[in-house]
1. Report whether or not Arg69 is among the basic types (Lys, Arg) and within 11 Å of the chain's Cα centre (by Cα).
2. Of the conditions (1) farther than 22 Å from Ile151 by Cβ; (2) touching a Gly at 6+ places or on another chain (Cβ under 6 Å), Asp124 clears all except one; give me its number.
3. Consider the range 79-89. How many of its residues are charged (D, E, K, R) and at pLDDT below 95?
4. Restricting to the range 117-138, give me the number of residues that are in contact with a His (Cβ under 6 Å, 6 or more places away or on another chain) and surrounded by fewer than 18 Cβ atoms within 10 Å (Cβ to Cβ).
5. Please return the ranges of strands (runs of 3 or more DSSP E) entirely within the range 90-193 where 3 or more residues are modelled with pLDDT under 90 and over 18 Å from Met61 (Cβ atoms).
6. Which of the residues spanning the range 70-84 are touching a Lys or Arg at 6+ places or on another chain (Cβ under 7 Å) and part of a loop (DSSP other than H, G, I, E, B)?
7. His76 is checked against (1) closer than 18 Å to Ser95 by Cβ; (2) open to solvent by 60 Å² or more (accessible area, probe 1.4 Å); (3) modelled with pLDDT of 95 or more and fails just one. What number does that condition carry?
Amino acid sequence: MMLFGKVSQQLCGIKKLPWSCDSRYFWGWLNAVFNKVDYDRIRDVGPDRAASEWLLRCGAMVRYHGQERWQMDYNHLPTGPLDKYKIQAIDATNSCIMSIGFDHMVGLQHVEKIRLCKCHYIKDDCLLRLGQLENLQKSILEMEIISCGNITDKGIIALRHLRKSAGQSLGNHGKLSTFMKPGLLPRLHQQTR
């Protein structure tokens, strides 16, 4: 009991930080936990299932090939053969995905569309990582990046390797000097070779 009294007295003497500051660090830490890559899980259930779990845990949605409905509830992920459900589209609107989680996307081979809208943790290094994923380079057809305030020209140029991408949309980014137009990434690719 004496030990508890001493500890509580020491804790009471610590200057408290403003609530918003405490909250920001807590949510940043929690989001980092949600983004942590479990390589054993990827090996056990396959890249599409593991990536689905990661994306839904972080507040994103996925759509599988052959399905019109978006999957948005982690507790209702489809069951059955692990290789049956292949991610076709990702909508990460208002999600907490961040660069440390992007290794979940390494084995995805069928992703045709990615939407990043109001993703506060997406930075240039995330787009660099996306641009380096060979499977994604082969499959992606459309990419939207909207209101992701930490993205600069450097991040957009990192997507130049997504050659197959026919439609790109980029909007509401104060740090960018160019506005993304359809066909810009293939032109960037030609200019940087």
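The values are calculated or read from the model by the stated rules, or taken from the named source; none is laboratory data. Quick caveat: nothing in here was measured; it's all calculated off a predicted structure. Cβ: placed from backbone, ideal geometry, glycine included. Neighbour counts: every protein chain shown. Ligands, DNA and RNA are stripped out before the accessible areas are found, and what is left, the full protein with its side chains, is counted by its heavy atoms. Shrake-Rupley method; radii C 1.70, N 1.55, O 1.52, S 1.80 Å.
1. So Arg69 fails the test.
2. Going through (1) farther than 22 Å from Ile151 by Cβ; (2) touching a Gly at 6+ places or on another chain (Cβ under 6 Å) one by one, Asp124 breaks only (1).
3. So the count comes out to 2.
4. The number of residues fulfilling the criteria is 1.
5. Fully inside the range 90-193 and qualifying: 167-171.
6. Trp70, Leu82
7. Single failed check for His76: (3).
The rows are residues; the columns are (1) at pLDDT 90 or above; (2) surrounded by 10 or more Cβ atoms within 10 Å (Cβ to Cβ); (3) among the aliphatic types (A, V, I, L, M); (4) assigned to a loop (DSSP other than H, G, I, E, B).
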| site | (1), (2), (3), (4) |
| --- | --- |
| Leu11 | no, no, yes, no |
| Cys21 | no, yes, no, no |
| Ala32 | no, yes, yes, no |
| Arg63 | yes, yes, no, no |
